[in-house]
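See below for the structure under consideration.
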Amino acid sequence: MKDSFTINLGNLLLSLSESIDMANQNSPQHQLRTAFIALELARYLNLDEVTIENIFIASLLHDIGKKINSEESIDYELQCIRGELFVQRVSILKDAAKVIRYHYLDWKDWKGNIDKPLTISSQIILLANFVDMMISRDRYILHQVENIWKELARLENDILNSKVVGGFKAISTKEEFWFDLTSYRLYSILLHEGPLKKKEINLNELASMGDLFKDVIDFKSKYTVTHTTGVSACSEMLGNLFGLTELEIKVLRIAANFHDLGKLIIPNSILEKKGELTKEEFEIVKSHPYYTYQILNSIGGLHQIVQWASYHHERLDGSGYPFHRVAKDLDTGARIIAVSDIFISRMERKSYRNEMGKDKIFEIMKKMGRNNFIDMKFVDLLFDNYQIIVNYIHIKQEKTLDFYRNYMEHTWKEDDLY
């Protein structure tokens, strides 16, 4: 991978948005559909290009603060606060973060002019979100249009501003609008016709997106809060000690941050189960590297990152999952992340056991190395430099934990912490 590396921001956000939608399976493609409605409406209202871009980004990420697979009732205010806290830390997304913060605010609670960018952007996404949530996935779309218009009329002036409702009525009179909205090609439509189709980002900006999704993934469960941070830090140290270049280490860190992206689709009832998983439950867990691969592979130009992130449960003898790759298919980055993932998983407290000590972990990993499951040279490198690596991991994990505690303090219940 070259220093001049760039990828398309629209492609990246669409794929990451899909990963959030996959985690909320009751409404497939919800964020993509919301983004399509919001984009069409923003363009009809002739908003400036910067505002349109922010609306599009905020729409694609508007559910990023949702507590996935939770049985608790949804508190939309807290969900919006979480979303802003996540997104505002990425400089290229900062302006969209404020829109996410207010996208559930009713029109009657706004104190100002509808034409202010934050106000109209938030109202547009609120309407777009409402419209998609009204749509039944089991009924022909044109049979639902009249009822959607009636419901929006009921919400007008109280929940939704009349200018936004009127604009939506104008764009939705065309059957084409509804066919595009419900098309299986919606991703492609948004990629090629969206406002980010020509916007490229560099490796550092991709790394900041990796940091964002690292926390989205890990904050899904109280038992995984610092897992990806640990895998990333351990991989970084092993890469350094092994003599990888600065660029290779940066790519390795990004891949490690994305390695559990597919876990968003795994129910918390499985991740937090107190006892041993059943065969059926473990087969569900086996799907998560596959989904990591599918999500990342839909983003052009990430071939190395895709493989390093997705192969962390593969084994050198081909006994891993889900691809059953063998040694010749697993290069240095994939081998490092596999070793780091095993090490961090055993350092951590789980729902079914406490964390393990150094000697026990070494015994397990040495056996795995001798059985040709993982690369023994990285196991030896890890334990030959054990204290240095563990100290670095703890520094990184403590930083993540500090953010988590502050985040939880303001947006989740205290008993969510253990």
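Nothing charged except the Cβ atoms of Lys and Arg (+1) and of Asp and Glu (-1): what's the magnitude of the dipole of the chain about its Cα centre? Round to the nearest 20 debye. Show your work: numbers first, answer last.
Numbers: 52 positive and 59 negative charges, 101 e Å.
Computed about the Cα centre, the dipole is about 480 debye.
Taking amide H positions as placed in the peptide plane 1.01 Å from N, state which residues far from residue 7 in sequence (5 or more) or on other chains have amide H under 5 Å from it.
201
Using Cα springs under 10 Å in a Gaussian network model of the chain, which residue among 44, 321, 140 shows the largest mean-square fluctuation?
140
Collect residues whose amide H, placed 1.01 Å from N in the peptide plane, falls under 5 Å from the amide H of residue 160; neighbours closer than 5 in sequence don't count.
107
Tell me whether segment 71-228 comes out rounded, prolate or oblate; compute the Cα gyration tensor, take square roots of the eigenvalues as a ≥ b ≥ c, and use a/c under 1.5 as the rounded threshold. Before the final figure, lay out the partial values.
On the way: a/c = 1.65, a/b = 1.45, b/c = 1.14.
In terms of gyration-tensor shape, prolate.
Which of the chymotrypsin sites (Phe, Trp or Tyr not before Pro) found in segment 334-394 are loop residues per DSSP with 13 or fewer other Cβ atoms within 10 Å of their Cβ? Before the final figure, lay out each step's value.
Working: sites: 343, 352, 362, 373, 378, 383, 386, 392; in loops: 352, 373.
Answer by residue number: 352.
So which aspartates and glutamates can residue 273 reach, going by Cα to Cα under 13 Å and dropping same-chain residues fewer than 8 places off?
Here the aspartates and glutamates satisfying the reach criterion relative to residue 273 are 281.
As a quick test, which of the pairs 108/222; 220/279; 163/214; 116/263; 94/150 have an alpha carbon distance above 29 angstrom in this structure? Display every interim value, and only then the final one.
Details: 108/222 37 Å; 220/279 23 Å; 163/214 39 Å; 116/263 39 Å; 94/150 35 Å.
108/222; 163/214; 116/263; 94/150, as the Cα separations exceed 29 Å there.
Whole-Å semi-axes of segment 68-155's equivalent ellipsoid, largest first, each the root of 5 times a Cα gyration tensor eigenvalue? If you can, show how the numbers build up before the last one.
Working: eigenvalues 133, 68, 32 Å².
Whole-Å semi-axes of the equivalent ellipsoid: 26, 18, 13.
GNM on the chain, C-alpha springs below 10 Å: top fluctuator among 15, 136, 208?
136
Using the heavy atoms of the protein chains alone and a 1.4 angstrom probe, what is the accessible area of the chain per residue in square angstrom?
With the other protein chains kept in place, the chain gives 45 Å² per residue.
Grab the other residues whose beta carbon is less than 11 angstrom from that of residue 210, score K and R as +1, D and E as -1, and report the net.
Values: positive: 214, 250, 253; negative: 205, 211, 215.
Net of charged neighbours comes to 0.
Classify segment 1-130 as rounded, prolate or oblate from the Cα gyration tensor: take a ≥ b ≥ c as the square roots of its eigenvalues, call it rounded if a/c is under 1.5, otherwise prolate when a/b beats b/c and oblate if not. Working shown, then result.
Working: a/c = 1.58, a/b = 1.11, b/c = 1.43.
Because a/c hits 1.5 or more and a/b fails to exceed b/c, segment 1-130 counts as oblate.
In whole Hz and in residue order, list the ³J(HN,Hα) couplings for segment 36-53 that follow from phi through the Karplus curve 6.51 cos²θ - 1.76 cosθ + 1.60, θ = phi - 60°; x for Gly and Pro.
5, 4, 4, 5, 4, 5, 4, 5, 4, 7, 6, 6, 6, 4, 5, 5, 4, 4
I need the phi-derived Karplus couplings for segment 386-391: 6.51 cos²θ - 1.76 cosθ + 1.60, θ = phi - 60°, integer Hz, Gly and Pro marked x.
In residue order, the calculated couplings are 3, 5, 4, 5, 5, 4 Hz.
Report the Cα centroid-to-centroid distance between segment 79-120 and segment 130-169 in angstrom, as an integer.
So the two Cα centres are separated by 22 Å.
Farthest toward the dipole's positive end in the chain, which of 296, 247, 103, given Cβ charges of +1 (Lys, Arg) and -1 (Asp, Glu) about the Cα centre?
Going by the charge dipole, the pick is 247.
Among rounded, prolate and oblate, which fits segment 282-406 when a ≥ b ≥ c are the square roots of the eigenvalues of its C-alpha gyration tensor, a/c under 1.5 means rounded, and a/b larger than b/c means prolate? Let's see the in-between values first.
Details: a/c = 1.59, a/b = 1.19, b/c = 1.34.
Since a/c reaches 1.5 but b/c is at least a/b, the shape of segment 282-406 is classed as oblate.
Share of the chain's accessible area from carbon and sulfur, percent, 1.4 Å? Before the final figure, lay out each step's value.
Details: 8920 of 18630 Å².
Looking at the chain in its full context, I get 48 percent from C and S.
The values are calculated or read from the model by the stated rules, or taken from the named source; none is laboratory data. None of the values given here were measured: they were computed from a predicted structure. Backbone-built Cβ (ideal geometry, glycine too); neighbour counts: all protein chains shown. Just so you know, the surface numbers come from the protein's heavy atoms only, side chains and all, with ligands and any DNA or RNA stripped out. Shrake-Rupley method; radii C 1.70, N 1.55, O 1.52, S 1.80 Å.
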